[in-house]
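Comments concern the structure below.
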Amino acid sequence: MRYVFRIQRFNPETDKAPYYKEYEVELEPTDRVLDGLNQIKWNIDGTLTYRRSCAHGVCGSDAMRINGTNALACKVLVRDVGPKVTIEPILGLPVIRDLVVDMDPFFEQYRSISPFLINDEPPPHGRERLQSIEERERYDDTTKCILCAACTTSCPSFWANENYVGPAAIVNAHRFIFDSRDRGAARRLEVLNSRTGVWRCHTIYNCTVACPREIQVTKAIGEVKQAILYRQST
Amino acid sequence: MNQTLNAAFVNRRGRPPGGNFELYAWFFMRISGVLLLALAVFHLFWMHVVIGVDNIDFAVVAARWENPLWKLYDFFLLAFALTHGMNGLRMIGDDYVRRPGLAVAFKAVLFVLYIAFIGMGAYIIFTFVPPEPVAVLP
């Protein structure tokens, strides 16, 4: 079947402003949007630039705006987007070229919440830190994040204010704050209890819709808000 | 990395400006939201269903404010609605008014309006003296 890909192009060395270019590709309805992009890059226009690595929804490289909705190009089938599909880079991060954005601000925010296990106590009996099934279950949802930035770049608060730490960073803070083995909750909550922290979230739920891993992002942010409230009131 | 972002990190690692202000503002929005639901729905029910919009006139309001509990009710309605709404505007300003000078001016205007409206409302509600004679409460 014939599909039309309308892609936002931008080459900072030659273009003053981004523009749209249309490509026609022959695809099976069960092919993915990424297959269409590959066909264009390999057969029609080698200058088309985008990120992809694993192509199986795990690495989180190919987050882009597909018909106005943030998604991974490798997880969306062309039959679900119609015969004409518009593809743009994710919003709120500087475009480097075509569909490639500068992820540095995103990862800077991610690093600000100390996304690693903090625990100076020696492990009991010099062995591993055991956890019950319930303790592991508590933060299971937020372990699924692949840092594709689909949530953060779907958030109007982030579009308006790039200093907002963003849903992805909060999700990854949640993953450690509610981990029974971790002792760094206080320092993460302090970072998140600021004007550029969780309080910029006005529960618009774009992030939850955007997440290709189906993480309940807004719920996780709500739990972090509650954790800050309970910590301050005890 | 751009300068504003770096400055924001330095800022964030220190104590947040205003301490827990944002936390309490968020908590207030939750509580006042629930309260306003009850206050506003009852207000609507009372004025539209029990009294009826066509019957509202000076005498009805004057008679209603004979009762100090009604005065308190109306003041709570004003205070919670205005604080909730103004804080909402302040948050929208935090999101979208990015030039530092403009942001300060925006908040100053909000604050002045807030104090003026609360003060005016409180003054009218609590110093109201009904003229004689007063209509009977419905």
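Each residue of the range A:18-25 in order: what ³J(HN,Hα) in whole Hz does its phi give by Karplus 6.51 cos²θ - 1.76 cosθ + 1.60, θ = phi - 60°, with x for Gly and Pro?
Ordered by residue, 3J(HN,Hα) equals x, 9, 9, 10, 9, 10, 9, 10 Hz.
Relative contact order, percent, of the range B:3-127 when contacts are C-alpha pairs under 8 Å separated by at least 6 residues?
27
Grab the other residues whose beta carbon is less than 12 angstrom from that of B:Val97, score K and R as +1, D and E as -1, and report the net.
+2
Could you tally the net charge around A:Pro167, taking each other residue with its Cβ under 12 Å from the Cβ of A:Pro167, Lys/Arg +1 and Asp/Glu -1?
With Lys, Arg at +1 and Asp, Glu at -1, the net is +2.
Could you run the numbers on buried accessible area between B and A, total for both chains, 1.4 angstrom probe, in Å² to the nearest 100?
Separately minus together, B and A give about 2400 Å² buried.
When you look at the Cβ of every residue in B:20-32, what mean number of other chain Cβ atoms sits within 10 Å?
4
So, in Å, what gap is there between the alpha-carbon centers of the range A:43-90 and the range B:62-138?
Each part's Cα centre sits 50 Å from the other's.
Tell me the relative contact order for chain A as a rounded percent, counting alpha carbon contacts under 8 Å between residues six or more apart.
For chain A, the relative contact order is 18 percent.
Filter the GluC sites (Glu not before Pro) in the range A:6-101 to those in DSSP coil with at most 15 other Cβ atoms within 10 Å of their Cβ, and list the result.
Sparse-neighbourhood loop GluC sites (Glu not before Pro): A:Glu13.
Quantify, in whole percent, the carbon and sulfur part of the accessible surface of the protein assembly as shown (1.4 Å probe; protein heavy atoms only).
Ligands and nucleic acids excluded, carbon and sulfur reach 61 percent.
Sort A:174-181, A:223-230, B:45-52 by packing, meaning the average of other beta carbons within 10 Å per residue, with the highest value first.
A:174-181, A:223-230, B:45-52
If a/c stays under 1.5 just call it rounded; otherwise compare a/b with b/c (prolate if a/b is bigger, oblate if not). Do that for the range B:30-70, with a ≥ b ≥ c from the square roots of the Cα gyration tensor eigenvalues.
Oblate shape, in that a/c is at least 1.5 and b/c is the bigger or equal ratio.
Non-local amide H neighbours of A:Val76 (under 5 Å, H modeled in plane, Pro and chain starts lacking H): which ones?
The answer is A:Val33, A:Leu34.
What number, in percent, do you get for the relative contact order of the range A:104-233 if the mean sequence gap of Cα pairs under 8 Å and at least 6 apart is divided by its residue count?
That works out to 31 percent.
Extending each Cα 7 Å along its Cβ direction at B:Ala116 and B:Leu89, get the distance between those two points in nm, one decimal.
Rounded to a tenth, the inter-label distance reads 1.0 nm.
Report the full-extension gain for the segment B:Lys71 to B:Asn20: residue separation times 0.36 nm, less the Cα-Cα distance, to one decimal in nm.
15.1 nm
At 20 °C and a viscosity of 1.002 mPa s, what translational diffusion coefficient does Stokes-Einstein give for the protein assembly as shown, taking Rh as the Kirkwood radius over Cα pairs? Give it in µm²/s as a whole number.
87
Could you sort the residues of the range B:74-107 by number and keep only those whose accessible area is reduced by 30 Å² or more in the all-protein-chain setting relative to the chain alone, 1.4 Å probe?
B:Met91, B:Asp94, B:Asp95, B:Tyr96, B:Arg98
Just to check I understand the Karplus step: with θ = phi - 60° and J = 6.51 cos²θ - 1.76 cosθ + 1.60, what whole-Hz values come out for the range A:70-80, glycine and proline as x?
5, 7, 8, 4, 7, 10, 10, 7, 5, 5, 8
In deg cm²/dmol and to the nearest 500, what is the mean residue ellipticity at 222 nm of chain A if only DSSP H runs of at least 4 residues count, each as -39500 (n - 2.57), divided by the residue total?
-7500 deg cm²/dmol
From the backbone phi of the range B:83-90, what are the Karplus-calculated ³J(HN,Hα) couplings (6.51 cos²θ - 1.76 cosθ + 1.60, θ = phi - 60°) in whole Hz, Gly and Pro given as x?
Values, residue by residue: 5, 4, x, 5, 5, x, 5, 4 Hz.
Within the range A:114-197, list the GluC sites (Glu not before Pro) lying in a DSSP loop whose Cβ has at most 12 other Cβ atoms in a 10 Å radius.
Those satisfying the criteria are A:Glu128.
Which value, in Å² and to the nearest 10, is the accessible area of B:Val104 when all protein chains are kept and the probe is 1.4 Å?
Roll a 1.4 Å probe over it and B:Val104 shows about 100 Å².
Please report the base-10 log of the normalised intensity I(q)/I(0) for the range A:104-233, using a Debye sum with one equal scatterer per alpha carbon and no solvent, at each q in 0.15, 0.21, 0.22 (1/Å).
-0.67, -1.24, -1.34
Would you mind working out the accessible area per residue for the protein assembly as shown, using a 1.4 Å probe, and quoting it in Å²?
Accessible surface, normalised per residue, equals 53 Å².
Would you tell me the mean number of C-beta atoms belonging to other protein chains that fall within 10 Å of each C-beta in A:187-198, as a whole number?
5
In terms of Cα to Cα distance under 20 Å, which lysines are near enough to A:Lys41, apart from those fewer than 8 places away along the same chain?
Within reach: A:Lys21, A:Lys75, A:Lys84.
The values are calculated or read from the model by the stated rules, or taken from the named source; none is laboratory data. As the structure is a computational prediction, the values presented were derived from the model and not from experiment. Ideal geometry is used to build each Cβ from the backbone, glycine not excepted, and the neighbour counts take in all protein chains shown. When the accessible area is computed, the model is the full protein with side chains, heavy atoms only, and any ligands, DNA or RNA have been set aside. Shrake-Rupley method; radii C 1.70, N 1.55, O 1.52, S 1.80 Å.
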